[in-house]
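Chemist: Following this message is one structure expressed as structure tokens.
Just so it is clear, none of the values below were taken in a lab; they were calculated from the coordinates. Predicted, not measured: the structure shown is a model, and the values here were computed from it. Cβ placement follows ideal geometry from the backbone for every residue including glycine, while neighbour counts extend to all protein chains displayed.
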Amino acid sequence: MAADAGIEGRIALVTGGARGIGAAVAEALAQAGAVVAAVDVDEAGLQAVAVHERITPFVADVGDPAAVAAVVGDVEQRLGPIGIGVPVAGILRPGSVCDTSDADWAETFATNATGVFTVLREIARRMRPRGSGTLVTVGSNAAGVPRSGMAAYAASKAAATMLTRCLGLELAGSGIRCNVVSPGSTDTAMQRLLWTDDEGPARVIAGNPEEFRVGIPLGRIADPADIADAVLFLASDRARHITMQNLYVDGGATLRA
């Protein structure tokens with residue numbers, strides 16, 4: 001993305017930055033000229049991503065509200081005022097509703113919903129007095145379409161999606177934009193957990209009528225860079241009149257239901 005898109009020199013905080021979509025978002029923002037704080041619990045993974053001179057690693061667990069408040073303050077103290085916030089961190093605990101344990105439900109919501117809430121809240125509290133900034137939550141297309149065996153994940157992502165849109169309404173008068181990017185199946189370690197053999201990708205693309213799951217009309221599984229490009233657009237000045245929107249990046253898998 002060109003330097004005139006409003007990314008150059010801005011401070012960006014990305015959670016889940018050690019791998020997968022989070023790492024791709026951190027790298028895309030850095031390539032566009034942002035100074036990126038990559039946040040994750042995986043210190044080794046962060047060090048690998050931070051080989052880029054514009055990416056600084058910060059170790060924190062987004063499931064801990066006190067840790068989130070501390071890391072956001074640390075980023076602003078060390079790097080400067082945050083102008084772009086991208087909560088990506090998420091976990092998946094597959095299982096039917098009847099088989100989901102209390103612990104799996106709580107852990108999923110602690111990261112995927114409460115974690116997004118605390119990240120957005122802490123950044124928004126700092127952005128609002130400054131009257132500028134943009135927040136892009138990475139959700140999931142599962143938030144909009146029922147999925148067998150993914151109730152906790154889908155529900156947590158639905159919560160994060162509506163939270164972001166409500167925040168966008170509250171902050172619009174302060175000139176702060178809030179949007180969501182909702183990926184479908186993407187080639188990440190989380191996605192690969194769902195594959196039992198080498199035919200996993202083909203099955204995802206073909207769909208599964210027995211589980212009432214549509215395949216991917218575009219005939220491919222997304223690369224993390226595909227999601228990062230969408231985030232980059234929404235974070236840029238080229239999306240300056242876009243807020244409270246949810247952009248599905250899933251190859252048509254949900255038929256935008």
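Chemist: Between the stretch 8-51 and the stretch 197-230, what's the alpha-carbon centroid distance in Å?
Modeler: After rounding, the separation between the Cα centres reads 25 Å.
Chemist: Then there's this: Between Arg78 and Ala202, what length comes free when the chain is fully extended (0.36 nm per residue of separation minus the Cα-Cα distance, one decimal in nm)?
Modeler: 40.1 nm
Chemist: May I have the pair-distance distribution P(r) for the stretch 105-257, computed from all Cα-Cα distances with 5 Å bins from 0 and rounded to whole percent?
Modeler: For the stretch 105-257, the binned pair fractions read 2, 9, 17, 21, 19, 14, 9, 5, 2, 1, 0 percent.
Chemist: So for Arg126, Arg19, fewest C-beta neighbours within 10 Å to most, what's the order?
Modeler: Arg126, Arg19
Chemist: Semi-axes of the equivalent ellipsoid for the chain, please: Cα gyration tensor eigenvalues, times 5, square-rooted, ordered largest first, whole Å.
Modeler: So the three semi-axes of the chain are 28, 19, 18 Å.
Chemist: Given the DSSP H assignment, sum -39500 (n - 2.57) over each helix run of at least 4 residues in the chain and divide by its residue total; what's the result at 222 nm in deg cm²/dmol, nearest 500?
Modeler: Taken over the chain, the calculation gives -12000 deg cm²/dmol.
Chemist: Mind jotting down the three principal axis lengths of the stretch 19-156 based on Cα atoms? Whole angstrom, largest first.
Modeler: Sorted largest first, the three principal extents are 46, 33, 26 Å.
Chemist: Here is a further query. For a quick check: sort Cys178, Cys98 by the number of other beta carbons within 10 angstrom, fewest at the front.
Modeler: Cys98, Cys178
Chemist: Now a separate question. Averaged over every viewing direction, what's the projected area of the C-alpha convex hull for the stretch 196-238? Give it in nm², one decimal, please.
Modeler: 4.3
Chemist: Then there is this: Order 137-150, 199-212 from most to least packed using the mean count of other Cβ atoms within 10 Å.
Modeler: The peptides rank, most packed first, as 137-150, 199-212.
Chemist: Antiparallel DSSP bridges in the stretch 3-249: what percent, to the nearest 5?
Modeler: 5
Chemist: Can you tell me, using C-alpha contacts under 8 Å and at least 6 residues apart, the relative contact order of the chain as a whole percent?
Modeler: Result for the chain is 19 percent.
Chemist: If R₀ is 35 angstrom, what is the calculated FRET efficiency for the pair Arg54 and Met162, using the beta carbon separation as r and rounding to 0.05?
Modeler: Once rounded, the FRET efficiency stands at 0.60.
Chemist: Neighbour counts of other C-beta atoms within 10 Å: give me Leu79, Leu234 arranged from fewest to most.
Modeler: Leu79, Leu234
Chemist: If packing is taken as the mean number of other Cβ atoms within 10 Å per residue, what is the order of 25-37, 155-167, 46-58, highest first?
Modeler: The most tightly packed comes first, giving 25-37, 155-167, 46-58.
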